[in-house]
Amino acid sequence: MPVRGAARLAATLADLRERAQLFRTLATLRADAPIGADVDALRWTGPRAGFTSWAERLGSPSLHERAARLAAARAPVAR
């Protein structure tokens with residue numbers, strides 16, 4: 001199937017090949033990258049200190065309350 005402007009497109013891709021490969025590398029998720037913590041340490045446990053003032057600056061003071069309720073709902077049940 002013929003592509004309109006194929007020659008110009010091919011020239012552009014050839015000129016920018018290194019950049020295209022860089023963006024491909026940057027956009028690739030790495031499963032072998034070290035994260036320095038175990039999965040449980042990364043678990044969200046609720047809003048941090050200072051979140052209330054941040055939510056107020058956003059004009060949504062109830063955001064902290066909503067986040068705290070969500071954290072409580074997700075908390076593991078003690079057995």
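Return one whole number: the accessible area per residue of the chain in Å², for a 1.4 Å probe.
Using a 1.4 Å probe on heavy atoms only, each residue of the chain averages 99 Å².
Taking a temperature of 20 °C and a viscosity of 1.002 mPa s, what whole-number D in µm²/s does Stokes-Einstein yield for the stretch 29-73 with Rh from Kirkwood over alpha carbon pairs?
My calculation gives 171 µm²/s for D.
Can you compute 3J(HN,Hα) from phi for each residue in the stretch 48-58, using the Karplus curve 6.51 cos²θ - 1.76 cosθ + 1.60 with θ = phi - 60°, rounded to whole Hz and x for Gly and Pro?
These are the phi-based 3J(HN,Hα) values: 8, 4, x, 5, 4, 5, 5, 5, 5, 5, 6 Hz.
Note down the magnitude of the dipole of the chain about its Cα centre, charges +1 on Lys and Arg C-beta and -1 on Asp and Glu C-beta and zero elsewhere, to the nearest 20 debye.
I would put it at about 240 debye.
Could you tell me how many cubic angstrom of Cα convex hull volume the chain has per residue?
290 Å³
Just to confirm the number: angle between the C-alpha axis of helix 6-15 and the first principal axis of the chain, 0 to 90 degrees, nearest 10?
60 degrees
For the chain, what is the mean residue ellipticity at 222 nm derived from helices alone (per DSSP H run of n ≥ 4: -39500 (n - 2.57); sum divided by total residues; nearest 500 deg cm²/dmol)?
After summing the helix terms and dividing by residue count, I get -15000 deg cm²/dmol.
The values are calculated or read from the model by the stated rules, or taken from the named source; none is laboratory data. Owing to the predicted nature of the structure, the values given are computational and were not obtained by experimental measurement. Don't worry about glycine lacking a Cβ; one is built from the backbone with ideal geometry, like all the others, and counts go over all protein chains shown. With ligands, DNA and RNA removed, areas are computed over all heavy atoms of the protein, side chains included. Shrake-Rupley method; radii C 1.70, N 1.55, O 1.52, S 1.80 Å.
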